[in-house]
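**Q** Quick one: the structure is below, and I'll ask about it shortly.
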Amino acid sequence: RMAGFEVNLAEYSIQKTNQSVDDLLNAMNEDPKKFGPWSLWNLALIGARGVDRERIFHNLVFFSHATDASMRQHSTDALAKLGGAEAVPPLLDIAAHDQDLSVRERPFCGLAESGTLLLGER
């Protein structure tokens, strides 16, 4: 799974640095419709590789409460890609409380598919 993350980051020449995190967050804030899904995905991949995990985690949780259902869905998918024990509670909260069915189903898919979560965390 991590090798796939590395390939994706290399394909887009995204470095695993704090500067890349800044750049992705800036692009996302400038034009969420255009850069949101792509930025969220790549933030999760960088964080899964150990770079600025805490800041990425907090931003993904923040965007999981966006007014736009599509943004919430993409941030939920990104949280699952980020993985780690800290991602489980917000994913379960989204599954239980999001107003949109398409968003509520994503945490279950993400938890089941995530290669970044230990079996016990899934």
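**Q** Name the residue, out of 102, 75, 70, that is open to solvent by less than 60 Å² (accessible area, probe 1.4 Å), among the polar types (S, T, N, Q) and more than 23 Å from residue 5 (Cβ to Cβ).
**A** Selected residue: 102, the only one of 102, 75, 70 that is open to solvent by less than 60 Å² (accessible area, probe 1.4 Å), among the polar types (S, T, N, Q) and more than 23 Å from residue 5 (Cβ to Cβ).
**Q** Would you check if there is a residue in region 16-31 being under 11 Å from the mean Cα position of the chain (by Cα) and part of a helix (DSSP H, G or I)?
**A** Step one: of region 16-31, the residues under 11 Å from the mean Cα position of the chain (by Cα) are none.
Within region 16-31 (the criterion being under 11 Å from the mean Cα position of the chain (by Cα) and part of a helix (DSSP H, G or I)), the answer is no, since none of the residues qualifies.
**Q** Further question on the same structure: Would you mind finding the one in 122, 106 that is at pLDDT below 95, basic (Lys, Arg) and part of a loop (DSSP other than H, G, I, E, B)?
**A** Answer to the selection: 122.
**Q** With respect to residue 46, is the statement that it is among the β-branched types (Val, Ile, Thr) and in contact with an Asp or Glu (Cβ under 8 Å, 6 or more places away or on another chain) true?
**A** Spelling it out, residue 46 is indeed among the β-branched types (Val, Ile, Thr) and in contact with an Asp or Glu (Cβ under 8 Å, 6 or more places away or on another chain).
**Q** How many residues does region 37-54 hold that are in a helix (DSSP H, G or I), over 19 Å from residue 11 (Cβ atoms) and of a type outside the set (Asp, Glu)? Outline the logic, then answer.
**A** First pass over region 37-54, keeping only residues in a helix (DSSP H, G or I): 37-48, 53-54.
Retained after the next criterion (residues that are over 19 Å from residue 11 (Cβ atoms)): 53-54.
Restricting the remaining residues to those that are of a type outside the set (Asp, Glu) gives 53.
So the answer is 1.
**Q** While we're looking at this one, here's another question. Please pick out the residue among 59, 29, 8 that is more than 28 Å from residue 97 (Cβ to Cβ) and either among the polar types (S, T, N, Q) or surrounded by 12 or more Cβ atoms within 10 Å (Cβ to Cβ) (or both).
**A** Numbers: 59 fails: more than 28 Å from residue 97 (Cβ to Cβ); 29 fails: more than 28 Å from residue 97 (Cβ to Cβ).
Of the residues listed, the single one that is more than 28 Å from residue 97 (Cβ to Cβ) and either among the polar types (S, T, N, Q) or surrounded by 12 or more Cβ atoms within 10 Å (Cβ to Cβ) (or both) is 8.
**Q** While we're looking at this one, here's another question. Quick one: is residue 81 farther than 24 Å from residue 1 by Cα, open to solvent by 30 Å² or more (accessible area, probe 1.4 Å), in a helix (DSSP H, G or I) and among the basic types (Lys, Arg)?
**A** no
The values are calculated or read from the model by the stated rules, or taken from the named source; none is laboratory data. Everything numeric here is computed off the predicted structure, so don't read it as measured data. Positions of Cβ are backbone-derived with ideal geometry, glycine not excepted, and every protein chain shown enters the neighbour counts. Heavy atoms of the whole protein, side chains included, go into the accessibility calculation; ligands, DNA and RNA do not. Shrake-Rupley method; radii C 1.70, N 1.55, O 1.52, S 1.80 Å.
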